[in-house]
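Q: Below is one structure. I have some questions about it.
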Amino acid sequence: MNFLQKHIEALIFCADSPISLADIIGCLTEMFNTEVSHEDVAVEIQNLINEYEDERYSYHIVQISEGYQFLTKPAYQASISILLKQQSKKRLSTAALETLSIIAYKQPITKAVIEQIRGVGCDYAIQKLLEKSLVEIKGKDETIGRPLLYGTSDKFMEYFGINSLQELPSPKDFSQNNEIGEAAIELPDVDLSSFQDNDDSKS
């Protein structure tokens, strides 16, 4: 492994979130005090990706959320899921999961619209999603009172392993019923279990 590749590997390994090609080049340029070729860095990243696909490694480099990150290979996700389940002391309630799915498919969306869809208040659920950085404030609506607009964050895409919202599964059904509480949004084929706990008393 050459000198440049080792530094790129270290940057990807140490980054706490997917690191972009531009950020990698920026770090290397500052460190070497000279311009680093975009093409050279891209080639070395691909070489690293190829190397870690070898079965000797239980992890690999994945391009995700417009960056690169070391992730465990799918074959080992079952054991990792058990570890995360054991270590997690507080996960999101079912109410928060429902709120997250609504925001994901209807964003940008106000709290009032979320509550109309769910049929119950969602202050607590939105607060938990904000605390976990899965959603973020996208601005203010132009309606009376200028309510806040909520949308998913980069961390949401990072967690679900997607690069854009267009990669989300298509909802099975969006109810057109106008009666409060009957408009449901499903999140098919997406594993939300690692956020779930047994405390659904708050919404």
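The values are calculated or read from the model by the stated rules, or taken from the named source; none is laboratory data. Predicted model only: the values in this text are computed from it and were never measured. When we count neighbours, we look across all protein chains shown, and the Cβ atoms used for this are built from the backbone with ideal geometry, even at glycine. Each accessible area value is taken on the protein alone, full model and side chains, heavy atoms only, with ligands, DNA and RNA left out. Shrake-Rupley method; radii C 1.70, N 1.55, O 1.52, S 1.80 Å.
Q: I'd like the residue in segment 62-78 that is within 12 Å of Ile49 (Cβ to Cβ) and polar (S, T, N, Q) and, out of all such residues, is most open to solvent (accessible area, probe 1.4 Å).
A: So, considering only residues that are within 12 Å of Ile49 (Cβ to Cβ) and polar (S, T, N, Q), the one most open to solvent (accessible area, probe 1.4 Å) is Gln63.
Q: Moving to a separate point now. Filter segment 108-126 down to the residues that are surrounded by fewer than 20 Cβ atoms within 10 Å (Cβ to Cβ) and more than 19 Å from Met157 (Cα to Cα) and list them by number.
A: Taking segment 108-126 first, the residues surrounded by fewer than 20 Cβ atoms within 10 Å (Cβ to Cβ) are 108, 110-113, 116, 119-121, 123-124.
Selection gives Thr110, Lys111, Ala112, Val113, Gln116, Gly119, Val120, Gly121, Asp123, Tyr124.
Q: Specify which of the listed residues (Asn47, Asn33) is open to solvent by 20 Å² or more (accessible area, probe 1.4 Å), farther than 25 Å from Asp154 by Cβ and in contact (Cβ under 8 Å) with a residue 24 or more places away in the chain. Spell out how you get there, then give the answer.
A: Numbers: Asn33 fails: in contact (Cβ under 8 Å) with a residue 24 or more places away in the chain.
It is Asn47.
Q: Going through segment 17-31 one residue at a time, which ones are assigned to a helix (DSSP H, G or I) and within 21 Å of the chain's Cα centre (by Cα)? Spell out how you get there, then give the answer.
A: Let us first name the residues in segment 17-31 that are assigned to a helix (DSSP H, G or I), namely 21-31.
The answer is Leu21, Ala22, Asp23, Ile24.
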